[in-house]
Amino acid sequence: MKYLNLLFAAMLVMSSAFASPGAHGPNGEHLDGQAAASGATSSVPRVETFTEAFELLGHLSGGELSIMIDRYETNEPVLGGVLEVQYKDLKAKAKFHADLGDYAVDDTKFLAAISKPGTHALLFTLVAGEESDLLEGTLTVPQAADDRGHGHGFNRRWLLAGVAALVLAATAIFVVRRRRHAKEI
């Protein structure tokens, strides 16, 4: 019985050695990556900034830079204003979407420039009725994931763990059989 427990332990070690690297969840997400280690975090590039009068939150996804603007003191949305975004020498006017209450930049040249990995200093010029303000923010776009380095490639330590587990299992089987054969004689 003791040897069967040893065999069972070896099989457990062997199965975890082959199942762990590159593990995926039910929707294909990586369970061994950065997001799993730090909790559920969004990889969508975001920009947040505020002044005494306004606060701004923008995210880059779906082929646009979507921007929400609220009054800082009351959190009341700023609707129907005029918003322009500048990055280096590029400027783009944001379109106001009354149905969603957001502003969106969809200028392809502007989006191509701010979609590159790195940090991008943005300047937002807002005119809302009689008020106007300049808001500065930084959009951080993470480096694109490299498919070769995300856990599916050859990993020597898992191979060594698997070989060690196989050797342990074979040894346990050999010892059990030898003892049974000795009892029969």
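Values quoted throughout were computed directly from the atomic coordinates according to the rules given, and no laboratory measurement underlies them. The structure displayed is predicted, hence computed values, not measured ones. For neighbour counting, all protein chains shown are included, and Cβ atoms are generated from backbone atoms with ideal geometry for every residue, glycine included.
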How far, in nm, would the chain grow between His181 and Thr74 when pulled straight, counting 0.36 nm per residue and subtracting the alpha carbon separation? 30.1 nm
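For Ala104, what is the net charge nearby, where nearby means another residue's Cβ is under 12 Å from its Cβ and Lys, Arg count +1, Asp, Glu -1?
Details: positive: Lys93, Lys95; negative: Glu64, Asp99, Asp102, Asp106, Asp107.
Its environment carries a net charge of -3.
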How much net charge surrounds Arg177 when only other residues with a Cβ under 13 Å from its Cβ are counted (Lys, Arg +1; Asp, Glu -1)? +3
Neighbouring Cβ atoms within 10 Å as the yardstick, rank His97, His181 fewest first. His181, His97
Ala113 paired with Arg46, simple spin-label distance in nm, labels 7 Å along Cα-to-beta-carbon: 2.5 nm
For Val141, what charge total do you get from the other residues with a beta carbon under 12 Å from its beta carbon, if Lys and Arg give +1 and Asp and Glu give -1? +2
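Can you put Ile185, Ile114, Ile173 in order of Cβ neighbours within 10 angstrom, beginning with the fewest?
With the fewest neighbours first, Ile185, Ile114, Ile173 line up as Ile185, Ile173, Ile114.
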Over the stretch 46-141, what is the relative contact order in percent, taking alpha-carbon pairs closer than 8 angstrom and at least six residues apart? 27 percent
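Counting Lys and Arg as +1 and Asp and Glu as -1, each charge on the Cβ, what is the dipole of the stretch 46-141 about the Cα centre in debye, to the nearest 20? Let's see the in-between values first.
On the way: 8 positive and 17 negative charges, 123 e Å.
Here the size comes out at about 580 debye.
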Taking just the alpha-carbon atoms of the stretch 46-141, what radius of gyration and Dmax come out, in angstrom? 12.4, 37
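Mind sorting Tyr87, Tyr103, Tyr72 by how few other Cβ atoms lie within 10 Å of their own Cβ, fewest first? Show your work: numbers first, answer last.
Working: Tyr87 18, Tyr103 28, Tyr72 14.
The order, fewest Cβ neighbours first, is Tyr72, Tyr87, Tyr103.
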